[in-house]
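Laboratory data are not the source of any read-out in this text; all were calculated from the coordinates shown. Keep in mind the model is a prediction, meaning the values are calculated, not measured. For neighbour counting, all protein chains shown are included, and Cβ atoms are generated from backbone atoms with ideal geometry for every residue, glycine included.
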Amino acid sequence: MIFNALRDSRLGKRSSDMSDLFWLTDAQMAKLSPFFPKSHGKPRVDDRRVLSGIIFINRNGLRWRDAPEAYGPHKTLYSRWKRWSEKGIFARMMVGLAAEHGEKETVMIDATYLKAHRTATSMAAKKGGAVASSVARKAA
């Protein structure tokens with residue numbers, strides 16, 4: 001949901017020299033950097049590269065291991081996403097970006113629609129399908 005809002009708010013830019021990879025601009029990084037946590041000890045790897053990679057992965061629905069090499073190791077992308085999600089960093093970014101527009105009453109809802117396959121339901125067990133048949137065999 002966070003990344004849909006980033007995409008829809010025109011924060012993203014595609015770079016023509018790096019095929020179809022997504023890269024945050026300097027202006028976008030300047031808007032986002034106040035929300036970054038302070039670095040303790042060892043400095044973090046390039047925030048632009050990692051955040052651009054996280055957005056690219058989520059926007060395109062890819063697995064972490066399918067991240068293009070230009071964004072760095074997939075484990076780095078996943079670790080940063082997991083850590084910052086648990087700390088609420090991405091949520092604070094979205095609240096902060098939304099506050100700039102002055103609409104306090106607006107609620108954003110992810111309207112993703114997924115149609116489940118008919119075998120994804122529990123109807124098989126209710127209508128004597130494979131689950132019910134195996135239970136009946138065990139009982140006999």
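Say R0 is 35 Å: what FRET efficiency, to the nearest 0.05, do Val95 and Arg118 get from their beta-carbon distance? Taking R0 as 35 Å, the efficiency between Val95 and Arg118 is 0.30. Listed values for the range 60-74 are Karplus-derived 3J(HN,Hα) couplings in whole Hz (6.51 cos²θ - 1.76 cosθ + 1.60, θ = phi - 60°), namely 9, x, 8, 6, 4, 5, 8, 5, x, 4, 4, 8, x, x, 5, and x replaces Gly and Pro. Mark the label point 7 Å from the Cα of Ser79 along Cα→Cβ and return the residues of the range 34-60 whose backbone N is within less than 20 Å of it. Label zone hits: 36-58.
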